[in-house]
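Colleague: Quick one: the structure is below, questions incoming.
Since every read-out is calculated from the coordinates, none of them should be taken as a lab result. Keep in mind that what you see is a predicted model, and the values were worked out from it rather than measured. All Cβ positions, glycine included, derive from the backbone under ideal geometry; neighbour counts span all protein chains shown.
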Amino acid sequence: MDQIKIGKFIAALRKEKGLTQEQLGEKLGVTNKTISRWENGNYMPDVEMLSLLSKEFGVSINELVSGERLATEDFQKAADDNLVTALDNSTFTLKEKIAFFKKKWLKEHIATIVLHVVAWIGIIVWTAQKLRGSDAYPLLGTIGSMLAILFYMVLRNRMMIYVEDHAYRATPDKENETKNT
């Protein structure tokens with residue numbers, strides 16, 4: 001997104017309506033300095049303000065974000081480009097995306113995890129009763145620990161595959177570039 005182009009477009013739309021920065025600011029509930037910052041390309045209006053500006057000027061949010069009026073044939077292409085740009089510039093860092101998808105995976109799989117833990121405890125208790133008094137009884141802790149570690153590694157691997165598939169997902173344009181090379 002070209003903030004300067006968007007700012008100039010907002011200024012042109014404001015002038016077409018015969019509004020001063022002060023008047024537009026009053027209508028939107030912001031100061032004239034905020035309007036000036038948008039028009040100079042120093043800041044971008046947030047999503048709520050883009051919606052209000054769209055209604056005020058009778059243009060689409062897509063046109064505002066493109067910084068120009070769009071012909072019907074250009075509209076879909078601009079919408080796609082603007083969406084990809086917005087997603088690429090989202091406020092979420094990679095670290096935040098990874099944390100989000102880890103929590104999401106855990107929420108989706110908590111029942112499976114609990115079921116496996118209960119089954120693991122059941123197997124350990126059952127085996128302990130069967131082996132009570134035998135020479136193999138001391139190995140039970142070692143075997144149980146190994147099973148727990150194996151279980152943890154398998155689940156962690158599944159979670160990381162899920163996180164990689166979602167947090168590192170390439171945009172359609174990047175996937176096409178990869179396929180074409």
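Colleague: Residue by residue through region 145-158, which ³J(HN,Hα) values in whole Hz follow from phi under the Karplus form 6.51 cos²θ - 1.76 cosθ + 1.60 (θ = phi - 60°), with glycine and proline marked x?
Modeller: Each residue of region 145-158 in turn: 5, 5, 4, 4, 5, 4, 4, 4, 5, 5, 5, 5, 4, 4 Hz.
Colleague: So how strong a dipole does region 1-51 carry about its Cα centre when Lys and Arg Cβ are +1 and Asp and Glu Cβ are -1, to the nearest 20 debye?
Modeller: Value, rounded to 20: 180 debye.
Colleague: Further question: Within a 10 angstrom radius of the beta carbon, how do Met159, Met146 rank from fewest other beta carbons to most?
Modeller: Exposure proxy ranking, most exposed first: Met146, Met159.
Colleague: Sticking with this structure for a sec: Counting only the backbone N, which residues of region 90-131 are under 19 Å from the spot 7 Å out from the Cα of Thr142 toward its beta-carbon?
Modeller: Residues passing the 19 Å test: 124-125, 127-131.
Colleague: For a 23 Å ceiling on Cα separation, which of these pairs sit above it: Lys17/Lys55; Lys33/Lys97; Lys8/Lys97; Lys5/Lys55; Lys5/Lys97; Lys8/Lys95?
Modeller: Over 23 Å apart, Cα to Cα: Lys33/Lys97; Lys8/Lys97; Lys5/Lys97; Lys8/Lys95.
Colleague: Let me ask another. Find the relative contact order for region 7-58 and round it to a whole percent, using C-alpha pairs within less than 8 Å whose residues are 6+ positions apart.
Modeller: Result for region 7-58 is 38 percent.
Colleague: Most exposed first by the Cβ proxy, i.e. fewest other Cβ within 10 Å, how do Ser54, Ser145 rank?
Modeller: Fewest-to-most Cβ neighbours within 10 Å comes out as Ser145, Ser54.
Colleague: Related question: Across region 17-32, in residue order, what do the Karplus-derived ³J(HN,Hα) couplings come to in whole Hz, using 6.51 cos²θ - 1.76 cosθ + 1.60 with θ = phi - 60° and x for Gly and Pro?
Modeller: 7, x, 9, 8, 4, 4, 5, 5, x, 5, 5, 8, x, 10, 7, 5
Colleague: Shifting gears a bit: State, to one decimal in nm, how far the label point of Glu96 lies from the label point of Met153, with both points 7 Å from Cα in the Cβ direction.
Modeller: Once both label points are built, they end up 3.5 nm from each other.
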